[in-house]
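Note sheet for the following structure.
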Amino acid sequence: LGMYQLAVGGPESDQSSAPGESRFTRNFDLNGLSLSPSAGVYWYSEHYTDYHFGPSSKEIERNGLRERESLRDVSPFIGLTLDMNLTRNWSAFVNGEISLPGSRIRDNAMTGSHNESITTGIIYTFN
């Protein structure tokens, strides 16, 4: 039917900790090709949104900005991965993902209305 994944980020006290993630993936095998659509949500702690998307205290003071309240946020996403077996030991993949940042992240002047990523790679499997 599919696979559900849950990943928990680093400790709340670590401001640069990774976000958490909840994802559902379904694999479709097509004669050596594997197509895997996925959908889910990233969630970010108060510390993460403040550290990565909030102005520093020096920037606030220097530019006369008002203090921004840090809150948790979520970003839904969809993705698609294509895996292809090249030989018995070698395979290649390409993965694309689009996420829609939550309002706390989107309100930052340095972020856009959505994020895209493309990852490619070659994998060697030892047997």
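The values are calculated or read from the model by the stated rules, or taken from the named source; none is laboratory data. From a predicted model like this one, the values you see are computed outputs, not experimental measurements. Only protein heavy atoms, including side chains, enter the accessible area calculation; ligands, DNA and RNA are left aside. Shrake-Rupley method; radii C 1.70, N 1.55, O 1.52, S 1.80 Å.
These residues, PHE77, PHE93, go from largest to smallest accessible area, 1.4 Å probe, as PHE93, PHE77.
The accessible-area ordering, largest first, of the residues GLU116, GLU21 stands as GLU116, GLU21, per a 1.4 angstrom probe. The accessible-area ordering, largest first, of the residues ARG26, ARG62, ARG88 stands as ARG88, ARG62, ARG26, per a 1.4 angstrom probe.
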